[in-house]
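**Student:** One structure, pasted below without further comment.
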Amino acid sequence: MTARREHLRWPDMAKGLGIILVVFGHSWRGLEMAGLLPDGVLFRAVDDAIYAFHMPLFFFLSGWFFPGSLARLGPGEHARRIFWRLFYPMCVWTYVFLAMKLLAGDGANNAVGPAALLTWPVPGQLHLWFLWALILIQGVAVLLRPMALRGIMPFFAIMTGLSAALWLSALVPPGSAWTAGAIRSAPFFFLGGLWHLLGDLPASRRAGALAVVAFVAVEVLAIRLEGGVAEHLLIATVAVVAVLVMVRVCEPHAGAAGRLLVLLGQCSMTIYLMHTIFAAAIRILLARELGIEALLPNLLLTVAGGLFLPLMIHLAPVPPVLRRVLGLPEQPVLRLFRPAAPGAIAH
C-alpha cells in the first residue's frame, strides 16, 4: 500500500469528528428550544463556534472524492447513485422524522399535527437540507461533466471560483429553500475536489501548530463578529482547512480515539439520518418522564444516544432488502484506522 493510500484514513477520522459536531450541535439547540438551556452568552458562543464550519467540513469531504467518480462514471450511473444514496433516503427519513414528531406530541420541539405527514420532502426538510444541497451540487457537476473531462483540475478550480462568486454576488435569493443550502455549500464541495487534485494535506508538526492558531483565530471571529457573507465564507474556509490539517497531523498518533472516529465516520450517513430522533426521544424521556432537567446529563445522554444508537443499527445484521427499503447505506467492510509507518510525519 502506498503512503498516499495509507494516509486516506484521515477523511474517515474527519467525518467522524464532523458527525460528533453535528449531533452535539443539534442536541445543544434542542436543549435550548426545550427550555433546558438559557439563550445566553454561553449558548450563542458554542452555537456560533460549531455552526461556523461543521457543515462546510462535510461538503469539503464530500467533494474530496468526487473528481474520481465524476471522471469514471457516466451520467446514468451518477443518476442512480444520486437517487439511491441521497434522494431516496431524504424522502424516507422526512416521513420517518415527521411521524416520530407526531408521536411525541407536545413533547417535541415544534410539535406537528397529522397534516405534517402530507409535507412534500423536496426540498429537504429540517436537517435533511444537507442531502438536497448535495443532490443539486452533484447534479450540476454531472450535467457539466463533458467540460470536466476536458480538464478535471481546471473544471474544479473554475467551479470553486464561480460558486463562491455566485454566493457573494447574491444574484440568487439566498433565502430560497430550494437553492440556499446548495449555494452556501457549493464552494466548499468544489474546493474539496480541487484540493484533492492538487495533492495531500500538509502533515508536518509546524503545519499542525499553524492550523491550531488559525482555527482558534477564526473561531474567535465567528463568535465575536456579526459578519456578512464574505466573512462567513472566509471563516468557514480557514476553519475547515485548519481542522483537516490537524486531523491529518494527528492521524498516526490517534490510537483508540482515531479508530473510534474512523468507525463513526464510516457510519456517518446512518447517524446523520437518525440522530435527531434518538436525541429527541432521550431528551423527552429525561425531562418529561424522569424529571431530570439538569443540562449536563441531558447533553451527555442526548449526544451519546444520537451517536451510538444509530451506530448500533448500522452495524446490526439488518437484511439487505430492509436496509434498501429504509434508505440506509450498505453495511461497509470497516476500514479501521492503522497508524502510518514510523517517520511518515514530517518535522
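**Student:** Looking at VAL243, VAL213, VAL238, VAL218, can you tell me which residue is β-branched (Val, Ile, Thr), outside the structural domain of VAL92 (by TED's automatic domain parsing) and under 22 Å from SER27 (Cα atoms)? It would help to see each step written out before you state the result.
**Tutor:** Values: VAL213 fails: under 22 Å from SER27 (Cα atoms); VAL238 fails: under 22 Å from SER27 (Cα atoms); VAL218 fails: under 22 Å from SER27 (Cα atoms).
Step by step, each of VAL243, VAL213, VAL238, VAL218 is checked, and only VAL243 is β-branched (Val, Ile, Thr), outside the structural domain of VAL92 (by TED's automatic domain parsing) and under 22 Å from SER27 (Cα atoms).
**Student:** Still on this model: For ILE223, all conditions in the list (1) farther than 18 Å from ARG9 by Cβ; (2) buried (at least 17 other Cβ atoms within 10 Å of the Cβ); (3) of a type in the set (A, V, I, L, M, F, W, C) hold save one; what is the number of the exception?
**Tutor:** Every listed condition holds for ILE223 apart from (2).
**Student:** If only one of GLY181, GLY192 is buried (at least 22 other Cβ atoms within 10 Å of the Cβ), assigned by TED's automatic domain parsing to the domain that holds TRP64 and closer than 21 Å to VAL262 by Cα, which one is it? Spell out the reasoning first.
**Tutor:** Numbers: GLY181 fails: closer than 21 Å to VAL262 by Cα.
None of the others qualify; the one that does is GLY192.
**Student:** Say whether the condition of being free of Cβ contacts under 8 Å to residues at least 12 places away in the same chain, within 24 Å of the chain's Cα centre (by Cα), assigned to a helix (DSSP H, G or I) and more than 17 Å from HIS275 (Cα to Cα) is met by at least one residue in region 109-117. Quick ask: steps written out before the conclusion?
**Tutor:** Narrowing region 109-117 to residues free of Cβ contacts under 8 Å to residues at least 12 places away in the same chain: 111, 113, 115.
Next, from what is left, pick out any that are within 24 Å of the chain's Cα centre (by Cα): none.
Within region 109-117, none of the residues are free of Cβ contacts under 8 Å to residues at least 12 places away in the same chain, within 24 Å of the chain's Cα centre (by Cα), assigned to a helix (DSSP H, G or I) and more than 17 Å from HIS275 (Cα to Cα).
**Student:** What are the residues in region 143-158 that are more than 25 Å from the chain's Cα centre (by Cα) and not in a helix (DSSP H, G or I), if any?
**Tutor:** ARG150, GLY151
**Student:** Just to check your reading of the model, which residue among HIS275, HIS232 is touching a residue at least 12 places away in the same chain (Cβ under 8 Å) and in contact with a Pro (Cβ under 7 Å, 6 or more places away or on another chain)? Please lay out each step first, then the result.
**Tutor:** Values: HIS232 fails: in contact with a Pro (Cβ under 7 Å, 6 or more places away or on another chain).
Just a single option satisfies the conditions, and that option is HIS275.
**Student:** Say we look at region 286-296 and pick out the residues that are without any contact (Cβ under 8 Å) to a residue 40 or more places away in the chain and surrounded by 14 or more Cβ atoms within 10 Å (Cβ to Cβ); which of these is farthest from GLY40 (Cα to Cα)?
**Tutor:** Ranking the candidates gives LEU286 first.
**Student:** Condition first: touching a Gly at 6+ places or on another chain (Cβ under 8 Å) and at pLDDT 95 or above. Can you find one or more residues in region 75-82 that meet it? Walk me through how you get there before you give the answer.
**Tutor:** Step one: filter region 75-82 for residues touching a Gly at 6+ places or on another chain (Cβ under 8 Å), giving 82.
Now restrict to residues that are at pLDDT 95 or above: 82.
Yes: region 75-82 contains one or more residues that are touching a Gly at 6+ places or on another chain (Cβ under 8 Å) and at pLDDT 95 or above.
Residue by residue, here is whether (1) under 14 Å from the mean Cα position of the chain (by Cα); (2) of a type outside the set (Gly, Ala, Ser) holds:
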site	(1), (2)
LEU261	yes, yes
THR270	yes, yes
ALA279	no, no
ILE282	no, yes
LEU286	no, yes
LEU290	no, yes
LEU296	no, yes
ALA304	no, no
LEU309	no, yes
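**Student:** For region 96-107, state whether one or more residues are at positive phi, part of a helix (DSSP H, G or I) and surrounded by fewer than 22 Cβ atoms within 10 Å (Cβ to Cβ).
**Tutor:** Scanning region 96-107 turns up at least one residue that is at positive phi, part of a helix (DSSP H, G or I) and surrounded by fewer than 22 Cβ atoms within 10 Å (Cβ to Cβ).
**Student:** Is it the case, given these coordinates, that ARG29 is among the basic types (Lys, Arg), under 29 Å from LEU244 (Cα atoms) and assigned by TED's automatic domain parsing to the domain that holds PRO146? Give the steps one after another, and end with the answer.
**Tutor:** On the way: among the basic types (Lys, Arg): yes; under 29 Å from LEU244 (Cα atoms): yes; assigned by TED's automatic domain parsing to the domain that holds PRO146: no.
So ARG29 fails the test.
**Student:** One residue is enough: does region 210-228 have a residue meeting the conditions touching a residue at least 60 places away in the same chain (Cβ under 8 Å) and not hydrophobic (A, V, I, L, M, F, W, C)? Please lay out each step first, then the result.
**Tutor:** Just the residues of region 210-228 that are touching a residue at least 60 places away in the same chain (Cβ under 8 Å), to begin with: 218-219, 222-223.
Within this subset, residues satisfying the condition of being not hydrophobic (A, V, I, L, M, F, W, C) are 219.
Yes, region 210-228 contains at least one residue that is touching a residue at least 60 places away in the same chain (Cβ under 8 Å) and not hydrophobic (A, V, I, L, M, F, W, C).
The values are calculated or read from the model by the stated rules, or taken from the named source; none is laboratory data. Quantities reported herein were computed from a predicted structural model and do not represent experimental measurements. Positions of Cβ are backbone-derived with ideal geometry, glycine not excepted, and every protein chain shown enters the neighbour counts.
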